[in-house]
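Q: Mind having a look at this structure? Questions to follow.
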Amino acid sequence: MRRWNGWGDDATTYPLPESAAQYLEARIGVGPRLEDASLERVLANIPAARLSPHPHLSTDPEDRLRHARGQSLPDWVALRSGRVGVFPDGVAYPACDEDVRALLDYARRTGTRLIPYGGGTSVVGHINPLPGGAPVLTLDLSRLNRLLELDEISRLATFEAGIAGPEIEKRLNARGYTLGHYPQSFEYSTLGGWIATRSSGQQSYYYGRIENLFAGGHVETPLGALDLPPHPASAAGPDLCQMILGSEGRLGLITRAILRVRPLPEEESFHAFFFHDWESGAAAVREIAQAGLKLSMMRLSNALETTTTLALSGNESLVEWANRGLSFLQYDDGRCLLIAGFTAEKRGKAAREQFAAAREVIRAHGGLWTGTPIGKMWKKSRFLTPYLRNTLWERGYALDTLETAVPWSSVLPTAEETQKVIREGLADPSTGSGQGIGERVLVFAHLSHMYKDGAGIYVTYLYRRAADASASLTCACGTGAGRASSDETLRRWQVLKGAASRVIVAHGGTISHQHGVGLDHAPYLTAEKGELGMQLLEAARRTFDPQGVLNPGKLLED
Ligand SMILES: Cc1cc2nc3c(=O)[nH]c(=O)nc-3n(C[C@H](O)[C@H](O)[C@H](O)COP(=O)(O)OP(=O)(O)OC[C@H]3O[C@@H](n4cnc5c(N)ncnc54)[C@H](O)[C@@H]3O)c2cc1C
């Protein structure tokens with residue numbers, strides 16, 4: 001069964017090997033072992049639902065709890081501490097457009113707010129109900145899960161939008177096709193969620209981001225239906241598909257999507273290369289991207305991520321073998337790992353030439369090819385890694401990630417400064433930001449998505465959960481006395497996330513390359529879109545949803 005207060009299926013765990021625990025303890029200290037709130041305790045405190053009766057509604061407390069929060073760090077703090085705050089008053093499971101229309105109508109008549117819900121894997125607060133007088137109903141779209149049509153001549157597949165990643169691939173693979181969209185949340189995230197958040201998959205360098213795959217579809221809005229026919233290209237004014245992409249449940253409910261699919265590839269492999277340093281690795285991946293060489297992914301870790309990934313992998317013998325061999329070849333402490341995927345629709349010379357050309361660029365920048373064992377390990381654990389967050393939390397560590405994209409000329413300085421403010425964010429007040437408490441933060445980064453003009457930067461950071469609130473010596477929001485340790489864990493995150501977001505904005509980076517805006521990034525959106533741009537987005541929202549029924553407070557601050 002899916003965990004209610006963490007990631008994934010509770011039958012799956014990702015144990016932390018003893019050597020990895022020692023690695024973390026040496027870097028950020030021993031994590032405190034703290035007890036989480038029990039399911040029973042949280043359920044006992046859920047307030048009564050404020051909804052008028054409707055045949056499609058569930059007001060079951062566990063249903064409401066399971067739809068109250070996503071996967072952001074504030075969500076984890078809330079769920080694990082049992083201090084969830086606001087719950088949806090009910091959950092509905094529409095199974096067709098008519099059900100969706102009936103629920104939109106119900107919401108308009110009763111003054112209820114509706115939150116579209118795909119897989120609930122948002123990491124920026126997209127699906128959280130907010131405090132307020134109006135009742136809140138979450139629309140879980142998981143029953144909209146059918147493949148409706150596969151047009152093999154046009155290579156277009158029409159799916160209902162509540163379908164999750166594995167089911168999409170299962171149904172397409174059975175017919176010899178693939179979508180190739182693999183976000184790390186693949187196990188649970190859904191087609192509608194991907195479109196509504198402008199998601200990017202791990203192999204989007206080859207298959208394209210969701211905006212390249214989304215050809216059209218159907219949206220139910222409070223003012224009626226919007227059909228988006230699939231044109232291969234069109235000069236008929238601005239593209240309305242682009243309006244729906246990234247709409248975060250504010251304009252309507254996407255009930256169907258038409259997707260560009262491909263035949264299953266005949267060849268696919270994942271290779272590991274090591275560079276002497278991050279700068280040469282970055283120069284190599286830029287050259288490959290700008291030459292348009294057809295790999296399927298490139299993920300370039302910096303030196304600390306390389307060391308940490310190998311340390312946490314749990315595969316001690318492989319890691320020791322790799323470390324010894326690399327040091328012998330003078331790939332020392334600054335070594336950086338590149339995982340490069342190679343995917344080809346047709347096996348043959350033309351495909352192999354692309355890979356050979358990329359290898360040549362890597363070699364010219366001092367990169368060392370180590371074959372496929374590390375790449376195979378990466379592929380095997382690509383959807384398992386998020387389970388490590390459960391283990392880390394239980395060992396006293398909070399883990400979060402953030403991301404941006406900037407032009408190539410800004411990639412290295414933006415990555416460097418973002419990590420610096422996080423690394424120093426909880427340090428001693430005399431040397432740090434003034435929010436410090438003498439805590440160390442482990443922070444590292446990789447370049448995750450490459451384009452001709454720039455790259456996505458993905459930053460991961462870990463810090464210790466607060467054992468008690470008195471650890472907050474310089475808290476700006478109170479004395480610390482009497483507050484819960486969860487408040488202090490959250491405050492630490494606010495300090496780090498705020499500092500990093502400000503650096504990203506100052507470097508002209510997007511506040512999100514792939515996770516979207518939700519609640520956590522909304523304060524930074526105006527810096528990116530400008531006042532006029534925000535007015536345009538707000539006008540679109542008012543046009544589709546004049547009564548403000550849909551997902552208040554997300555994307556646009558209400
Ligand atoms: C461990 C982990 C790894 C992740 N890795 C990636 C990654 O590699 N790439 C990436 O892009 N993201 C990633 N994410 C973020 C998240 O998975 C994506 O934002 C995803 O697209 C959300 O999909 P969902 O179905 O879970 O949507 P939800 O979280 O349920 O909803 C997200 C938003 O979309 C809206 N929405 C959902 N369905 C619909 C619909 N049918 N119509 C209208 N609005 C809708 C909701 O109202 C909400 O605003 C990751 C998250 C986690 C927890």
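The values are calculated or read from the model by the stated rules, or taken from the named source; none is laboratory data. Keep in mind it's a predicted model, so treat the numbers as computed, not measured. No Cβ is skipped: glycine too gets one built from the backbone with ideal geometry, and neighbour counts run over all protein chains shown.
Q: Can you tell me which residue among Leu295, Leu300 is farther than 29 Å from Val517 by Cβ, away from the ligand (no atom under 13 Å from the Cβ) and within 27 Å of the chain's Cα centre (by Cα)?
A: Leu295
Q: Against the definition (under 16 Å from Asn390 (Cβ atoms), without any contact (Cβ under 8 Å) to a residue 40 or more places away in the chain and in contact with a helix residue (DSSP H, G or I) (Cβ under 9 Å, 6 or more places away or on another chain)), how does Leu79 come out, yes or no?
A: Against the criterion (under 16 Å from Asn390 (Cβ atoms), without any contact (Cβ under 8 Å) to a residue 40 or more places away in the chain and in contact with a helix residue (DSSP H, G or I) (Cβ under 9 Å, 6 or more places away or on another chain)), Leu79 does not qualify.
Q: Quick check on my filter: what residues within region 203-257 are touching a Phe, Trp or Tyr at 6+ places or on another chain (Cβ under 7 Å), part of a loop (DSSP other than H, G, I, E, B) and within 12 Å of the ligand (Cβ to nearest atom)?
A: Passing the criteria: Gln203, Leu245, Leu251, Gly252.
Q: Additional query: Give region 20-48 a look and list any residue that's in contact (Cβ under 8 Å) with a residue 60 or more places away in the chain, part of a helix (DSSP H, G or I) and not β-branched (Val, Ile, Thr), or say none.
A: Ala20, Ala21, Tyr23, Leu24, Arg27
Q: Conditions: (1) within 16 Å of the ligand (Cβ to nearest atom); (2) in contact with a helix residue (DSSP H, G or I) (Cβ under 7 Å, 6 or more places away or on another chain). Thr178 meets all but one. Number of the miss?
A: (1)
Q: When you go through (1) within 19 Å of the chain's Cα centre (by Cα); (2) closer than 25 Å to Val441 by Cα one by one for Leu338, which number turns out not to apply?
A: (1)
Q: Kindly indicate whether any position in region 286-295 is closer than 30 Å to Leu147 by Cβ and not hydroxyl-bearing (Ser, Thr, Tyr).
A: Yes; the residues of region 286-295 include at least one that is closer than 30 Å to Leu147 by Cβ and not hydroxyl-bearing (Ser, Thr, Tyr).
Q: Only one of these conditions is not met by Leu329: (1) in contact with a strand residue (DSSP E or B) (Cβ under 7 Å, 6 or more places away or on another chain); (2) surrounded by 15 or more Cβ atoms within 10 Å (Cβ to Cβ). Which number is it?
A: Failed condition: (2).
Conditions tested, residue by residue: (1) modelled with pLDDT of 95 or more; (2) within 27 Å of Ser58 (Cα to Cα); (3) buried (at least 18 other Cβ atoms within 10 Å of the Cβ).
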{"site": "Leu141", "(1), (2), (3)": "yes, yes, yes"}
{"site": "Leu144", "(1), (2), (3)": "yes, yes, yes"}
{"site": "Ser154", "(1), (2), (3)": "yes, no, no"}
{"site": "Glu160", "(1), (2), (3)": "yes, yes, yes"}
{"site": "Ala164", "(1), (2), (3)": "yes, yes, yes"}
{"site": "Glu167", "(1), (2), (3)": "yes, yes, no"}
{"site": "Gly176", "(1), (2), (3)": "yes, no, no"}
{"site": "Gly180", "(1), (2), (3)": "yes, no, yes"}
{"site": "Pro183", "(1), (2), (3)": "yes, no, yes"}
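Q: Of the residues Gly498, Gly482, which single one is at pLDDT below 95 and either in a helix (DSSP H, G or I) or surrounded by fewer than 22 Cβ atoms within 10 Å (Cβ to Cβ) (or both)?
A: Gly482
Q: Restricting the search to region 104-133, which residues are over 17 Å from the mean Cα position of the chain (by Cα), assigned to a loop (DSSP other than H, G, I, E, B) and of a type in the set (S, T, N, Q)?
A: The one that is over 17 Å from the mean Cα position of the chain (by Cα), assigned to a loop (DSSP other than H, G, I, E, B) and of a type in the set (S, T, N, Q): Thr112.
Residue-by-condition table, conditions (1) within 16 Å of the ligand (Cβ to nearest atom); (2) polar (S, T, N, Q); (3) under 25 Å from the mean Cα position of the chain (by Cα):
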| residue | (1), (2), (3) |
| --- | --- |
| Ser485 | no, yes, no |
| Arg491 | no, no, yes |
| Val495 | no, no, yes |
| Ala506 | no, no, yes |
| Leu519 | yes, no, yes |
| Glu531 | no, no, no |
| Leu536 | no, no, no |
| Gly548 | yes, no, no |
